[in-house]
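Accompanying notes for the structure given below.
What follows draws every value from the coordinates through simple rules; no lab data is involved. What you see is a predicted model, and the numbers here were worked out from it, not measured in a lab. Cβ placement follows ideal geometry from the backbone for every residue including glycine, while neighbour counts extend to all protein chains displayed.
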Amino acid sequence: MMMILTDKKPRVNVEAILTAQEIHDIEHHIGHYPDPRAASLDSLKLVQKRNGWVDEAQVAAIGQMLGIPAADVEGVATFYNRIYRRPVGRNVILLCDSIACFLMGAESLAEAFKQHLGIEYGQTTADDRFTLLPICCLGNCDKSPTLMINDDTHDLVGIQDISALLEQYV
């Protein structure tokens, strides 16, 4: 039996996967670059805004819109640590674990967060309020230990600050 290989990419129904606004915005991003491939990260961030993460169908739809394989979009998605490929909580806590933060107590801070939230790194609280993740550096070494919650940077964080800090995020 002979198999015939083809270059045809599986087509997805982009309109059924992405919203009309997402399609419009991705097309807008594509127009800013000489090569549509360059709009990969912008497109992933745009799609992630809706649900907090990007699923397989969305990756395929973005690839189709950009005219590149879904595997290439997946490569971009997995390279950037703030593109999430599985569901996360409403608030994502990124605890810096660089050497500067480590020397200033980040390891103890991480353990206190885990205990306070009742989860480990990579997990989400039962109420979907928080996901806890390590991050290699937030570039705020002179004010360590540092963490981010969503897009907010918090520096010089101590264990005593955890409760008040988390109360700011619903």
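With loop defined by DSSP as not H, G, I, E or B, and exposure as at most 16 other Cβ atoms within 10 Å, which is the longest segment of the chain clear of exposed trypsin sites (Lys or Arg not before Pro)?
Longest run free of exposed loop sites: 12-81.
I'd like the Karplus ³J(HN,Hα) series for region 142-151: coefficients 6.51, -1.76, 1.60, θ = phi - 60°, whole numbers in Hz, and an x wherever there's a Gly or Pro.
6, 10, 7, x, 10, 8, 10, 10, 6, 9
I want the local charge near Leu66. Using Cβ-Cβ distances under 11 Å, sum +1 for each Lys or Arg and -1 for each Asp or Glu among the other residues.
Neighbourhood net charge equals -3.
Quote the relative contact order of region 25-170 in percent (integer), defining contacts as alpha-carbon pairs under 8 Å separated by 6+ residues.
19
Lys and Arg at +1, Asp and Glu at -1: add these up for the other residues within a Cβ distance under 14 Å of Ser108 and post the number.
Details: positive: Lys114; negative: Asp97, Glu107, Glu111, Asp161.
Result for the local shell: -3.
Loop only by DSSP, 14 or fewer other Cβ within 10 Å of the Cβ. Give me the chymotrypsin sites (Phe, Trp or Tyr not before Pro) in region 25-97 that pass, ordered by residue number.
Counting only loop positions with at most 14 other Cβ atoms within 10 Å, the chymotrypsin sites (Phe, Trp or Tyr not before Pro) in region 25-97 are Tyr80.
Helix 70-79 versus the longest principal axis of the chain: what is the Cα-based angle in degrees, 0 to 90, to the nearest 10?
With rounding to tens, the tilt is 10 degrees.
Taking every pair of distinct Cα atoms and averaging 1/r, then inverting, what Kirkwood hydrodynamic radius in Å comes out for region 79-170?
Numbers: mean 1/r = 0.0765 Å⁻¹.
Kirkwood hydrodynamic radius for region 79-170: 13.1 Å.
So if I take the centroid of the Cα atoms in region 145-170 and the same for region 32-64, what is the distance between those two points in Å?
Here the two parts' Cα centres lie 29 Å apart.
What does the charge add up to near Leu132, with Lys and Arg as +1, Asp and Glu as -1, over the other residues with Cβ less than 9 Å from its Cβ? Could the numbers behind the result be given before it?
On the way: positive: Lys114; negative: Glu120.
Once positives and negatives cancel, what remains is 0.
Let me have the 222 nm mean residue ellipticity of the chain computed from DSSP H runs of 4+ only, each contributing -39500 (n - 2.57), with the sum over all residues rounded to the nearest 500.
Computed mean residue ellipticity for the chain: -11500 deg cm²/dmol.
Just the number, please: Stokes-Einstein D of region 1-155 in µm²/s, Kirkwood Rh from C-alpha pairs, 25 °C, 0.890 mPa s.
140
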